[in-house]
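Values quoted throughout were computed directly from the atomic coordinates according to the rules given, and no laboratory measurement underlies them. This is a predicted model, so every value here is computed, not measured. Here the Cβ is made from the backbone with ideal geometry for all residues, glycine too, and neighbour counts use every protein chain on show.
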Amino acid sequence: SQELEQSPQSLIVQEGKNLTINCTSSKTLYGLYWYKQKYGEGLIFLMMLQKGGEEKSHEKITAKLDEKKQQSSLHITASQPSHAGIYLCGADTLPTNAGKSTFGDGTTLTVKP
Amino acid sequence: DAGITQSPRHKVTETGTPVTLRCHQTENHRYMYWYRQDPGHGLRLIHYSYGVKDTDKGEVSDGYSVSRSKTEDFLLTLESATSSQTSVYFCATTTGGDGYTFGSGTRLTVV
């Protein structure tokens, strides 16, 4: 999606290393969502951010929202092979969106044991 | 997720034939969506529904129609399948504002 740019497109890290994935919107964000997808499967909801400066954590995954930059970052601490997959951000760019999210193209994460 | 199921999981069909994909949810959610996922394009919204018999077009609706006669079922129909509609199709639901729940996807190949 050109509305949402994710970077990097792919990432290979050694087990135990930290990593960050970014998601930048060209429009105002009214909600930012992070999902994880394993190959051949559906997307699993990780977390949602709505307010500027908001930060949420789920196990070793932390996401932050920078409202001014219209950007969110997803940080994984001490990566494990179980973290491997495709991470997608989704965003609501209208205040009343009927839940219609726009998605980034995804970041493919490989964790080498 | 056990609350949303898609059928079939895989389908191969010939160009020009009609195809219907089914999404079934057990959560009584009002909103349901059909997305397609393609390399380089991410997820793109095809159609969505905000209630029984209430549907609207998404970003890539040409060549697709939908129907929702019951809260739990949302059908996606390809009127006359083309090779450009080869894709992975995902159904999703939401309670509104707390993220989607996705089905496991339908891999459709049009030959």
Output the pairs from A:Lys100/B:Lys53; A:Lys64/B:Lys57; A:Lys17/A:Lys56; A:Lys51/B:Lys57 with a Cα-Cα distance over 24 Å in this structure; if there are none, say none.
-> A:Lys64/B:Lys57; A:Lys51/B:Lys57
Residue by residue through segment A:2-15, which ³J(HN,Hα) values in whole Hz follow from phi under the Karplus form 6.51 cos²θ - 1.76 cosθ + 1.60 (θ = phi - 60°), with glycine and proline marked x?
-> 6, 5, 10, 10, 9, 8, x, 6, 8, 8, 10, 10, 7, 3
Segment A:3-113: C-alpha pair distances exceeding 17 Å, % = 50 percent
Determine by what factor the alpha-carbon radius of gyration of the protein assembly as shown differs from 2.2 N^0.38 Å, reporting the quotient.
-> 1.01
Looking only at other chains, what is the average number of their beta-carbon atoms within 10 angstrom of each beta-carbon in B:40-53?
-> 3
Within 10 Å of the Cβ of an average residue in A:27-40, the count of other chain Cβ atoms is 2
Counting sequence-distant residues (5 or more places) and residues on other chains, those with an amide H built under 5 Å from that of A:Gly31 are A:Asp92
Take peptide A:49-55, look around each residue's Cβ out to 10 angstrom, count Cβ atoms belonging to other protein chains, and average those counts.
-> 0
Using alpha-carbon positions, what is the distance between the centroids of segment A:69-113 and segment B:1-52, in Å?
-> 21 Å
So, with +1 on the Cβ of K and R and -1 on the Cβ of D and E, and no other charges, what is the size of the charge dipole of chain B about its Cα centre, to the nearest 20 debye?
-> 160 debye
Across A:His58, A:His83, A:His75, the residue with the highest GNM fluctuation in chain A (Cα network, 10 Å cutoff) is A:His58
